[in-house]
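Notes follow the structure.
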Amino acid sequence: MIGRRGLRAAVLGGVAVTSLLAVPVRAVDGPREVTVLRHLTFDGVTDDLVGLAAKPAPYADPLHPTAAELRRATLAGRMDAGAGWGRLFGPPVDAAAGQPYPDGGRVAGEEYLAYARAPDGGKSAVLLQIPAKLSRERRCILAVPQAGSFGIYHDIGTTGFWGLQHGCAVVYTDKGHGTGAHDLESDTVTLIDGTTAKAGAAGALSHFTAPLSAKTKAAFLARWPHRIAFKAAHARHNPESEWGNDVLRAIRYALWQLNARDGGGWTAGNTVVIVSGNSNGGGATLYAGEKDAEGLIDGLVAGEPQVQVRPDPALRVMRGSTIRSGGGRTLLDYFTFANLYEPCAALAMPDAPLVDKLVHAKDRCASLTQAGLLTAGTLETQAREAQDRLLAYGFDPETEVLNAAGYLIGPDATAAKYASDHGRFGVEDRICGYSYASVDGEGKPRAVPPAEMAEIFAKAAGGAPTGSIDLVNDNDPRGPRRNDLSISPSTGRADYNLDGARCLRELAVGRSAKARRVQAGVAEFLASGDLRGKPAIIVHGRADNRVPPAFSSRPYLAANSLREGGKSQLRYIEVENAEHFGFSGPGFDTRFVPLAYYTLRALDLMWSHLTTGQALPRSQIVRTRPRGGAPGAAPPVTLDNLPPIALEAAFRDRITVQTGVVWLPD
């Protein structure tokens, strides 16, 4: 990094704090909803846009890491060479040549950090990266909505680098999520660049400050000390309802900033604009396509999209002899169902990865049976019944091996986050008796260690669990405890808080006042499937148990065919032996291949379609080959494991789509 330059701008107000951020400003004649905060230049030698040039080092002051240190820490350490990263795909690899870049894939250029406001006052972080080798012969922008609730730098190394390597400007949005944390006790908040400050001093630079009066906050902390609020759970904005518009705002800003920098020349008409995101970012990609009445977007590539489809009795998805009608399921629906049954179901496959970590699974089976939610009489048959209930609910059989991992990742914390988010509940509402706090070895809430709070931007995925900060069951009869160590009041067992899980389930599908509030929030963003005729490719792993394709991508494909008919340009690629997270630890390495490889290949195919007129591939199943070997010692993945996406798939692999009906071969 060789310096930073100011912008000619009009001051909007705010207080400068110890960080690389300037006083919030809005560039003259810029988009009204966008505020530019920082402009950096990277030389590609000492540091670069992708974060490959500079190795992360220990913080000079662990209690006050700099924005540059936090940026490098965020970008560091997600490569797994055995799974293909850095060898077959990823920032260091020239995919066209099939060889590593001599300089390791470093990209010099400029970076603008900004935030954009939604009409309801919600705030999303926006990052624009402009490579030094920006193409003006073939102008292009890649827009990347972030995965999950991650912060603004997360997908530079997974998706954004592809655009930079193609000479495109890349603009990212955190979709109103990101790691906005507010430690209520110390009144410390994260800023948009990741540094921390007292809420009063941060002012408009705070990424999130809990909307509590001083009196309400004091009363809350007196009853519930040490609690932490997160933007993704407690901002009261239901940001998912704005995900599509967040992407469009980011694209408009990118075009404006490029014109301000170049003196004009950038328009939606002469610039190829592709949107590509994964998971939540994949959902935002599709929502953006549906919202784009201006024609800003030329193509869409959605990886394992968390997209929630409006129910319609005309929709049908057939996989082999199994038929599902009416559309998909909402995230809260399938998360809360899995949250009930996964711990017990995991015991049906004792050799699956991480089953041994579910130390209270037997107690969950017993409590489900006591509550009448299982009927079998032995532990073995209870586990099988729990798994059968998951299958009957629509989970694919390929996901069975992932029940333990799926539960340990925390569907309870995620479901609590989204229920609070969609219902626009605040931290003080503690829905279902849940809150968030740093906990000690016994799971009791404590003051968050200052060094942990100082680097939370680089470590957290938008909320808990992260480090010592976790979901807390405030209803434990002994006093608040970390949820997975707590006791359920109704059972007296350490059963992963069955009472809380049942409460979350009621919010998803019940009829209480709070449930109706949550469900009304969900209704605000259900997708129609109408992509306005845009070329689009969805890529999804068949073994995904975090965002199962049965509940998301497949019904979306059906809805799109019903809405667009013969005008549809949507293609669906379902990849065998691929799950959601790219796990490659022992037991995962032998079974799964990286879905990320196929999402990047889909970007290549979309690029060729938009720039040379190459046809899009047919919708298809890609039959991959697992790595095999011994758990923890699987051979490195090779191209023999990863057959290409075929432009003209074999008949046995074709996915057929017609007027709301999808048929997938087994």
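A few remarks follow.
- Lone qualifier among L142, L128 - being touching a His at 6+ places or on another chain (Cβ under 8 Å) and more than 28 Å from S186 (Cα to Cα): L142
- Residue check, T599 in contact with a strand residue (DSSP E or B) (Cβ under 7 Å, 6 or more places away or on another chain), without any contact (Cβ under 8 Å) to a residue 60 or more places away in the chain and crowded, with 16+ Cβ neighbours inside 10 Å: no
- Inter-residue pairs, beta-carbon under 9 Å, first of a type in the set (S, T, Y) and in segment 554-565, second in a helix (DSSP H, G or I), 6+ apart: Y556/L286
- Output for segment 95-118, where each listed residue is in contact (Cβ under 8 Å) with a residue 12 or more places away in the chain, farther than 17 Å from T159 by Cβ and out of contact with any His (no Cβ under 6 Å at 6 or more places or on another chain): P100, D103, G104, R106, A108, E110, L113, A114, Y115, A116, R117, A118
- Looking across segment 279-298 at every residue that is in contact with a Gly (Cβ under 9 Å, 6 or more places away or on another chain) and not in a helix (DSSP H, G or I), the one that is farthest from Y172 (Cα to Cα) is identified as G295.
- Test result for V472, touching a helix residue (DSSP H, G or I) at 6+ places or on another chain (Cβ under 8 Å), modelled with pLDDT of 95 or more, at negative phi and of a type in the set (A, V, I, L, M): yes
- For segment 68-79, a residue qualifies if it is touching a helix residue (DSSP H, G or I) at 6+ places or on another chain (Cβ under 9 Å) and either modelled with pLDDT of 90 or more or of a type outside the set (K, R) (or both), and the qualifying residues are E69, L70, R71, R72, A73, T74, L75, A76, M79.
- Where S568 falls short, out of the listed (1) among the small types (G, A, S); (2) within 26 Å of the chain's Cα centre (by Cα); (3) at negative phi; (4) crowded, with 20+ Cβ neighbours inside 10 Å: (2)
- Qualifying residue in segment 298-321 (condition: within 21 Å of the chain's Cα centre (by Cα) and at pLDDT below 95): no
- Of the residues making up segment 257-311, those that are hydrophobic (A, V, I, L, M, F, W, C) and closer than 20 Å to A543 by Cβ are A302, V307.
- Boolean, T590 is in a helix (DSSP H, G or I) and of a type in the set (S, T, Y): no
- Of the helices (runs of 4 or more DSSP H) lying entirely inside segment 161-239, those carrying at least 1 residues that are surrounded by 24 or more Cβ atoms within 10 Å (Cβ to Cβ) are 161-165, 199-202, 231-234.
- Single condition P617 does not satisfy, out of (1) touching a residue at least 60 places away in the same chain (Cβ under 8 Å); (2) under 25 Å from the mean Cα position of the chain (by Cα): (2)
- Hits in segment 230-272 - residues which are out of contact with any Leu (no Cβ under 6 Å at 6 or more places or on another chain) and among the small types (G, A, S): A232, A233, A235, S241, G244, A250, A260, G263, G264, G265, G269
- For segment 325-351, a residue qualifies if it is in contact with a helix residue (DSSP H, G or I) (Cβ under 7 Å, 6 or more places away or on another chain) and at pLDDT below 95, and the qualifying residues are G327, G328.
- Extreme residue, nearest to H422 (Cα to Cα), among residues of segment 507-526 that are in contact with a helix residue (DSSP H, G or I) (Cβ under 7 Å, 6 or more places away or on another chain) and exposed (fewer than 13 other Cβ atoms within 10 Å of the Cβ): E524
- Every condition in (1) surrounded by fewer than 20 Cβ atoms within 10 Å (Cβ to Cβ); (2) more than 26 Å from the chain's Cα centre (by Cα); (3) assigned to a loop (DSSP other than H, G, I, E, B) is met by L374 except one, and the failing one is (1).
- Hits in segment 288-331 - residues which are of a type in the set (A, V, I, L, M, F, W, C) and buried (at least 24 other Cβ atoms within 10 Å of the Cβ): A288, I297, L300, V301, A302, V307, V309, L315, V317, L331
- Among the numbered conditions (1) under 18 Å from H360 (Cα atoms); (2) outside any loop (DSSP other than H, G, I, E, B), the only one that D476 does not meet is (2).
- Flag set for C432, criterion: buried (at least 21 other Cβ atoms within 10 Å of the Cβ), on the phi > 0 side of the Ramachandran plot and either modelled with pLDDT of 95 or more or assigned to a helix (DSSP H, G or I) (or both).
- Residue count for segment 446-492, restricted to those that are in contact with a strand residue (DSSP E or B) (Cβ under 7 Å, 6 or more places away or on another chain), of a type in the set (K, R) and surrounded by fewer than 20 Cβ atoms within 10 Å (Cβ to Cβ): 2.
- Residues that are of a type outside the set (A, V, I, L, M) and either assigned to a loop (DSSP other than H, G, I, E, B) or more than 30 Å from the chain's Cα centre (by Cα) (or both), drawn from segment 250-278: N259, R261, D262, G263, G264, G265, W266, T267, G269, N270, T271
- The set of residues from segment 536-572 being part of a helix (DSSP H, G or I) and over 29 Å from P411 (Cα atoms) comprises S561, L562, R563, E564, G565, G566, K567.
- Consider segment 96-108 and keep the residues that are surrounded by fewer than 17 Cβ atoms within 10 Å (Cβ to Cβ) and small (G, A, S). The one that is nearest to F42 (Cα to Cα) is G104.
The values are calculated or read from the model by the stated rules, or taken from the named source; none is laboratory data. All figures in this text were calculated on a predicted structure; none of them were measured in a lab. Glycine gets a Cβ as well: all are built from the backbone with ideal geometry, and neighbour counts include every protein chain shown.
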